[in-house]
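First comes the structure, then the notes that go with it.
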């Protein structure tokens, strides 16, 4: 069964941008687009038959929003299969439920209510923090919102390194998604990993990476007088470790992609905070992909501070790809 791309609409300009982006995403993949509008009016005003002449204005408005959105999506992609869904529920719950059987959920970065001036609307934040499918928050420069993609950028975390010497880790969902998106959009992929030294006495990463021998790791743990006198050795060690993290995280994805059209991949290691590295990457890219851990049995917002910052401040659309 083909899973659709789901997009939430509410009649706002940002929702229209999300609709255009979602239609383009579905067209690239050759899968349907499902347009969802959620409202709680029936719970408070009562439900009248759909044929009633005096249907509540809120229902009429919802039907109009969906009809307008479907017409807009069809105009932009005539071959696209479009479905609409008017849901009696709050928008976050409706989109999370729809996302259980979706390729991805797409939302705008602000809503149309009194809180529309916030950096990221509560609907976008709630869906991005809890969905178990990729969530696209469409924000940033007008060119990016319209789908112009100069490159796809993906953030690589320390935990995505390979497990041992010569090992090739299975690609993380975020890396696999980013590589596929770059291939579909016929553009390059930039993989970004940030690192930093804790201080002048930091002599390098405490955990030996796959390419380092156990003896080297033990020597690093003890430290040597020479390294203690020269902080540059520790900085170089961190830089080498960061390069290895990127290589290890990408190796599995590139191996799985053997036989498919090649994607130009740029490795970028940055000394500094992950927040700044990813926001800088968003300025060069048309799409930024980040991973998010989902812990079983945890019902709160499952986003770390870096992902929060990216969702609020990125200068291009952001995809949050969950990893359980």
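The values are calculated or read from the model by the stated rules, or taken from the named source; none is laboratory data. Computed from a prediction, not measured in an experiment: that's the story for all the values here. So basically every Cβ, Gly included, is an ideal-geometry build from the backbone, and we count neighbours across all protein chains shown.
Pick from 253, 191: which is at pLDDT 50 or above, in a helix (DSSP H, G or I), under 20 Å from the mean Cα position of the chain (by Cα) and crowded, with 16+ Cβ neighbours inside 10 Å? Write out each step before concluding.
Values: 191 fails: in a helix (DSSP H, G or I).
Going through 253, 191 in turn, just one is at pLDDT 50 or above, in a helix (DSSP H, G or I), under 20 Å from the mean Cα position of the chain (by Cα) and crowded, with 16+ Cβ neighbours inside 10 Å: 253.
Does region 112-122 contain at least one residue that is within 20 Å of residue 135 (Cα to Cα), modelled with pLDDT under 95 and touching a strand residue (DSSP E or B) at 6+ places or on another chain (Cβ under 8 Å)?
Yes: one or more hits.
Can you name the residue in region 66-111 that is in contact (Cβ under 8 Å) with a residue 60 or more places away in the chain and in a strand (DSSP E or B) and is also surrounded by the fewest Cβ atoms within 10 Å (Cβ to Cβ) among such residues?
Out of the qualifying residues, it is 83.
Quick check on this structure: which one of 280, 202, 230, 237 is at pLDDT 80 or above and more than 27 Å from the chain's Cα centre (by Cα)? Don't jump to the end; show me each part of the working.
Values: 280 fails: more than 27 Å from the chain's Cα centre (by Cα); 202 fails: at pLDDT 80 or above; 230 fails: at pLDDT 80 or above.
Just one listed residue meets the conditions, 237.
Out of region 260-290, which residues are free of Cβ contacts under 8 Å to residues at least 40 places away in the same chain and assigned to a loop (DSSP other than H, G, I, E, B)?
The one that is free of Cβ contacts under 8 Å to residues at least 40 places away in the same chain and assigned to a loop (DSSP other than H, G, I, E, B): 262.
The rows are residues; the columns are (1) modelled with pLDDT under 90; (2) assigned to a helix (DSSP H, G or I).
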| residue | (1), (2) |
| --- | --- |
| 3 | no, no |
| 7 | no, no |
| 10 | no, no |
| 18 | no, yes |
| 21 | no, yes |
| 37 | no, no |
| 42 | yes, yes |
